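The values are calculated or read from the model by the stated rules, or taken from the named source; none is laboratory data. Because the structure is a prediction, the values reported are computed rather than measured. Cβ atoms come from the backbone with ideal geometry, glycine included; neighbour counts cover every protein chain shown. We work out accessible area using only protein heavy atoms, side chains counted, and drop any ligands, DNA or RNA first. Shrake-Rupley method; radii C 1.70, N 1.55, O 1.52, S 1.80 Å.
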Amino acid sequence: MTLAPVLPLTFDVTASTAVRASVDRDAILADPGFGKHFTDHMVEITWTAESGWHHARVYPYGPLLLDPAASVLHYAQEIFEGLKAYRHSDGSVWSFRPQANAARLQRSATRLALPHLPEVDFVESLRQLIALDASWVPSAPETSLYLRPFMIATEGFLGVRSAHRVGYYVIASPAGAYFTGGVAPIAIWISTSYSRAGKGGTGAAKTGGNYASSLLPQQEAYEHGCAQVLFLDALEGKYLEELGGMNVVLVHRDGTLITPDSDSILEGITRDSILQLAEDRGHRIERRKVTLDEWGEGVASGDIVEMFACGTAAVVTPIGRLLGEGVEIGSADVVAGELTMSLRQELTDIQYGRVADRHGWMTRLDA
Ligand SMILES: *Cc1c(COP(=O)(O)O)cnc(C)c1O
């Protein structure tokens, strides 16, 4: 049997008859915060075991109608992505390496036993939403429209197996500048009581369950005056993994950038891009196991001179100090590292079209 080639999906478009008035939209865009306000439309594509991906559509943003037995609600069969649409100075709208998000969504899908959405349909789903909601992409410095594609098991069935009916959606939310009043180093809490992901688990997949298990340790971080929690490996509790939603990078005084390598870390596109930019400048990159002891001793001896977290939402966040049971690394009055800030600047310059895109990372969404 030969399989028919899978053609790109075509989208049915239903424009909202109740789009927000421009004065209301402008009021939101003037102070969007993060993840609080949503645009006028959303995307949905249905997958069934019999028919594959079909019925791609864009329609007015609103609540989902879900069977209460939908397996996402019971067994958390879901994955997601996060990327941004950036407004360039000529008014055009671009996204950063969306093909990498499409590929990662496929890897996450494999681990969560969900179907692969082809890259062309993923990128087209973003274009289709921007075609209707481009006016929601803000233009103030460091602002963007955050795009949240996600895939959930919608089949109403309480048996435990991968669902035969799945929905893929995209929603979008304007995002303000993450740091208002300058990029300040944050304090990180090291969780010794909780792990994020174990060997053979779902740590490398972008799936809600990883976040659900990070909420309690995150609360612990807040209680200790820290902004984020850092997880160690689940087996020995010795090696750095990552934060709840950001990867970590250390800078050695000889200019080497060191980042933890483990199969339970989510491979961030921001980290990959930052390391590429550093490599372009001649920095050495080490992807390897890093112990908490090495970090602590390195900071104390002056071997480690900068440390930062990175991810799409905040781009690059300098880390000032680390706290945990019996652990105190770094100090409260450390300032953001020079290399950290210059890599952050270079990456955002590419994203906002202020410098040449020499790696071909940008994809135009509004044309
Ligand atoms: C999304 C995510 C990151 C960062 O990935 P980016 O592609 O850089 O946004 C890092 N860690 C976790 C756990 C994540 O979910």
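The table for this structure:
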read-out: Of all residues in the range 1-53 being assigned to a loop (DSSP other than H, G, I, E, B) and in contact with a His (Cβ under 7 Å, 6 or more places away or on another chain), the one that is surrounded by the most Cβ atoms within 10 Å (Cβ to Cβ); value: Ser16
read-out: Qualifying positions in the range 244-260 - in contact with a Lys or Arg (Cβ under 8 Å, 6 or more places away or on another chain) and within 16 Å of the ligand (Cβ to nearest atom); value: Gly244, Asn247, Val249, Leu257, Thr259, Pro260
read-out: Residue among Glu241, Glu236, Glu220 that alone is open to solvent by less than 40 Å² (accessible area, probe 1.4 Å) and away from the ligand (no atom under 16 Å from the Cβ); value: Glu220
read-out: Enumeration of residues in the range 281-308 that are more than 16 Å from the ligand (Cβ to nearest atom), touching a residue at least 40 places away in the same chain (Cβ under 8 Å), out of contact with any helix residue (DSSP H, G or I) (no Cβ under 6 Å at 6 or more places or on another chain) and not in a loop (DSSP other than H, G, I, E, B); value: Thr291, Leu292, Asp293, Trp295, Gly298, Val305
read-out: Those residues of the range 309-327 which are assigned to a strand (DSSP E or B) and either more than 16 Å from the ligand (Cβ to nearest atom) or not aliphatic (A, V, I, L, M) (or both), in sequence order; value: Cys310, Gly311, Thr317, Pro318, Gly320, Arg321, Leu322, Leu323, Gly324, Val327
read-out: Which numbered condition Gln99 fails, given (1) under 21 Å from the mean Cα position of the chain (by Cα); (2) crowded, with 17+ Cβ neighbours inside 10 Å; value: (2)
read-out: Residues located in the range 71-104, provided they are touching a Ser or Thr at 6+ places or on another chain (Cβ under 6 Å) and more than 19 Å from Phe34 (Cβ to Cβ); value: Gln77, Ile79, Pro98
read-out: Checking Leu250 against (1) within 25 Å of Arg107 (Cα to Cα); (2) of a type outside the set (D, E, K, R); (3) free of Cβ contacts under 8 Å to residues at least 60 places away in the same chain; (4) not in a loop (DSSP other than H, G, I, E, B), the condition it does not meet; value: (1)
read-out: Qualifying positions in the range 185-217 - more than 11 Å from the ligand (Cβ to nearest atom) and among the aliphatic types (A, V, I, L, M); value: Ile186, Ala187, Ile188, Ile190, Ala212, Leu215, Leu216
read-out: Matching residues in the range 258-271 - criterion: being open to solvent by less than 20 Å² (accessible area, probe 1.4 Å) and without any contact (Cβ under 8 Å) to a residue 60 or more places away in the chain; value: Ile258, Thr259, Pro260, Gly268
read-out: Complete set of residues in the range 133-151 that are crowded, with 23+ Cβ neighbours inside 10 Å and either in a strand (DSSP E or B) or among the hydrophobic types (A, V, I, L, M, F, W, C) (or both); value: Trp136, Val137, Ser144, Leu145, Leu147, Pro149, Met151
read-out: Some residue of the range 232-242 being part of a strand (DSSP E or B) and more than 18 Å from Gly330 (Cβ to Cβ); value: yes
read-out: Pick from the range 73-89, criterion in contact (Cβ under 8 Å) with a residue 40 or more places away in the chain and either more than 30 Å from Ala367 (Cβ to Cβ) or open to solvent by 30 Å² or more (accessible area, probe 1.4 Å) (or both), ranking: farthest from the ligand (Cβ to nearest atom); value: Ser89
read-out: Residues of the range 40-88 that turn out to be under 20 Å from Leu129 (Cα atoms) and of a type in the set (S, T, N, Q), as a count; value: 1
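Listed here are the residues, each with its yes/no results for (1) free of Cβ contacts under 8 Å to residues at least 60 places away in the same chain; (2) within 11 Å of the ligand (Cβ to nearest atom).
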residue: Leu65; (1), (2): yes, no
residue: Ser71; (1), (2): no, no
residue: Phe96; (1), (2): no, yes
residue: Gln99; (1), (2): no, no
residue: Arg111; (1), (2): no, no
